[in-house]
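Written below as structure tokens is the structure these notes are about.
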Amino acid sequence: MRDLVDIGMGRTARRTFELDDISIIPSRRTRSSKDVSTAWQIDAYRFTSPILSHPTDALVSPDTAIELGKLGALGVLNGEGLWARHRDVGDKLAALVDVAENDPDPRAAVRFLQKLHSAPLDPELLGAAVAQVRDAGVTTAVRVSPQNAQLLTPALLAAGIELLVVHGTIISAEHVSADDDDETDRTPLNLKTFIAELDVPVIAGGVHDHRTALHLMRTGAAGVIVGYGSAAGATSTNEVLGIGVSMATAIADAAAARREYLDETGGRYVHVLADGDIHSSGDLAKAIACGADAAVLGTPLAAASSAPGRGWYWSSAAAHPSTPRGALLQVEAGTDRPSLEQILNGPSDDPYGELNIVGALRRSMAKAGYSDLKEFQKVGLNVRA
């Protein structure tokens, strides 16, 4: 039953919960963390940890996508990012970081990022980046926006992608847009038709409620992303659009939609992927406990020594040409940054859950007495008063 509260005469709102509002309840049984599996599988693709990267150039280059894949996670390339627009991406990112570090105007870096993204998309460059990841033998995943999905997907399929991520701030089953130049109507992106015509599984999102999650599941998506990658100091969808997602509630709502769709279809399981407010191993554990199958990480991976953003993080929406939703956030200063392997698998000397994220998730599951991720979704939860 939904908890509605009055916010004024004739207006009610739903009371919702963030991940910080809840905590996991250990059970009477514990087990060794060595007996716990964090493995996750979507369609034919299996991973040793339930982690995807946020599809931003700050985190994922072809090289880091390969590194994440070899570490058991999934790196998602931004199909509309700099690797699809420029040949000298390293130099462009170095210049961007220089602006972020040295220009006193915090908006200067966003303007520079917008300028970099004003270069046209080059399917040949994008195909070369995808081929580099594919040839390394790891699962190849690329993100496209709903606006450009029909334009870019043929080139991505030709390059050999294995997972397609249709990702926007808020996404619906049918996206209608107008061309910015002549304002003529484009053909609507009907996700159900679009997905049915593809031979690769599609992950779509973000959503923030039960109804939209169920609607996307009915399009045939293999996974649904919940949230929009919110990170304090880096994303500002709430400030710009007034749209906010309480992640604990949103994940639980999508998990309920997953159960409903499972019954509706007689057994088709759609994965729920949490994307937002996950900054530590504890946040990851709580997202899984609320019902997520896997989580999309942003700021935790930005600290890695191999991250293209050199310790800076920004979301894929930060480069929007007219309504940027996000700033550049310095996550880790200096050159002595941890490796991706240390962030995911340790060892850790950090007491705040920012290193050995997968190991800490495994230990949380063990302390609560659960041996795999599906079981852990049933763990007891408390809400803080």
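A count restricted to the stretch 171-192 and to residues that are at pLDDT 55 or above, surrounded by 13 or more Cβ atoms within 10 Å (Cβ to Cβ) and either over 24 Å from the mean Cα position of the chain (by Cα) or among the β-branched types (Val, Ile, Thr) (or both) stands at 2. Within this structure, residue 295 passes the test of being assigned to a strand (DSSP E or B), of a type in the set (Gly, Ala, Ser) and either surrounded by 24 or more Cβ atoms within 10 Å (Cβ to Cβ) or modelled with pLDDT under 95 (or both). How about the stretch 27-50: which of its residues are under 18 Å from residue 368 (Cβ atoms), open to solvent by 70 Å² or more (accessible area, probe 1.4 Å) and small (Gly, Ala, Ser)? Of everything in the stretch 27-50, nothing turns out to be under 18 Å from residue 368 (Cβ atoms), open to solvent by 70 Å² or more (accessible area, probe 1.4 Å) and small (Gly, Ala, Ser). Among the residues of this structure, residue 371 does not count as one that is among the hydroxyl-bearing types (Ser, Thr, Tyr) and closer than 21 Å to residue 300 by Cα.
In the stretch 324-342, the residue that is farthest from residue 362 (Cα to Cα) out of those that are modelled with pLDDT of 90 or more and part of a loop (DSSP other than H, G, I, E, B) is 328.
Within the span defined as the stretch 124-139, one or more residues are acidic (Asp, Glu), over 23 Å from residue 229 (Cα atoms), open to solvent by 50 Å² or more (accessible area, probe 1.4 Å) and not in a loop (DSSP other than H, G, I, E, B). In this entry, residue 104 is excluded by the filter for residues that are outside any helix (DSSP H, G or I) and either among the hydrophobic types (A, V, I, L, M, F, W, C) or surrounded by 15 or more Cβ atoms within 10 Å (Cβ to Cβ) (or both).
Okay, residues lined up against (1) assigned to a loop (DSSP other than H, G, I, E, B); (2) in contact with a strand residue (DSSP E or B) (Cβ under 9 Å, 6 or more places away or on another chain); (3) of a type outside the set (A, V, I, L, M); (4) open to solvent by 70 Å² or more (accessible area, probe 1.4 Å):
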position	(1), (2), (3), (4)
344	no, yes, no, no
349	yes, no, yes, yes
363	no, no, yes, yes
371	yes, no, yes, no
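Does residue 116 count as more than 19 Å from residue 71 (Cα to Cα) and surrounded by 22 or more Cβ atoms within 10 Å (Cβ to Cβ)? No. Just one of 27, 23 is over 25 Å from residue 223 (Cα atoms) and part of a strand (DSSP E or B); which is it? Exactly one of 27, 23 is over 25 Å from residue 223 (Cα atoms) and part of a strand (DSSP E or B), namely 23.
Report yes if residue 17 is among the aromatic types (Phe, Trp, Tyr) and assigned to a loop (DSSP other than H, G, I, E, B), otherwise no. Spelling it out, residue 17 is indeed among the aromatic types (Phe, Trp, Tyr) and assigned to a loop (DSSP other than H, G, I, E, B).
The residues in the stretch 255-276 that are in a loop (DSSP other than H, G, I, E, B) and crowded, with 24+ Cβ neighbours inside 10 Å can be counted, and the count is 1. Here 300, 321, 308 are screened, and the one residue that is buried (at least 16 other Cβ atoms within 10 Å of the Cβ), in a loop (DSSP other than H, G, I, E, B) and in contact (Cβ under 8 Å) with a residue 24 or more places away in the chain is 308. Picking from residues in the stretch 77-95 that are assigned to a helix (DSSP H, G or I) and in contact (Cβ under 8 Å) with a residue 24 or more places away in the chain, the one that is surrounded by the most Cβ atoms within 10 Å (Cβ to Cβ) is 84.
Within the stretch 241-254, being open to solvent by 40 Å² or more (accessible area, probe 1.4 Å) and at pLDDT below 95 holds for 241, 242, 243, 244.
From 52, 121, 59, which residue is touching a helix residue (DSSP H, G or I) at 6+ places or on another chain (Cβ under 7 Å) and touching a residue at least 60 places away in the same chain (Cβ under 8 Å)? Unique residue meeting the criteria: 59. Selection of the stretch 193-226 for residues being in a strand (DSSP E or B) and farther than 22 Å from residue 278 by Cβ yields only 202. Quick check, is residue 57 open to solvent by 50 Å² or more (accessible area, probe 1.4 Å) and of a type outside the set (Ser, Thr, Tyr)? So residue 57 does not fit the description; no.
The values are calculated or read from the model by the stated rules, or taken from the named source; none is laboratory data. Note that the structure is a prediction, hence the values are computed from the model and not measured. Note that each Cβ is placed from the backbone with ideal geometry, even for glycine, and that neighbours are counted across all protein chains shown. The protein model used for the area step is the full one, side chains on, heavy atoms only, and it has no ligands, DNA or RNA in it. Shrake-Rupley method; radii C 1.70, N 1.55, O 1.52, S 1.80 Å.
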